[in-house]
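J.: Can you read through this structure? Questions will come right after.
The values are calculated or read from the model by the stated rules, or taken from the named source; none is laboratory data. All of these numbers come straight from a predicted model, not from anything done at the bench. Positions of Cβ are generated from backbone atoms using ideal geometry, with glycine treated the same way; all protein chains shown enter the neighbour counts.
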Amino acid sequence: MTEKTGEAVRATGDYRCERCHKTTHFVLDTLFTKCPHCGFDTFDIVNRRFENRDGSPAPHEPEPDGS
Ligand SMILES: [Zn+2]
């Protein structure tokens, strides 16, 4: 799933720029802006808190063991 600049943010979380792959935090009920790092306009969601296959909460950052 991708999100584009100017669309409403449907879930607060971190989004990864499709071009530079850096993450930007967007908040619910705001609009996506262009990537602050490179100016690109398409993002992938990173924090899949609501999309895990097993329904468990996803950690905000990767665990130290890489899981
Ligand atoms: Zn970027």
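J.: Residue by residue through the stretch 12-26, note down the ones that are in contact with a strand residue (DSSP E or B) (Cβ under 9 Å, 6 or more places away or on another chain) and farther than 11 Å from VAL46 by Cβ.
T.: THR12, GLU18, ARG19
J.: Looking only at the stretch 27-56, count how many residues are at pLDDT 95 or above and touching a Gly at 6+ places or on another chain (Cβ under 7 Å).
T.: Going through the stretch 27-56 one residue at a time, the tally reaches 2.
J.: Within the stretch 1-31, count every residue that is part of a loop (DSSP other than H, G, I, E, B), out of contact with any Phe, Trp or Tyr (no Cβ under 6 Å at 6 or more places or on another chain) and more than 9 Å from the ligand (Cβ to nearest atom).
T.: So the count comes out to 9.
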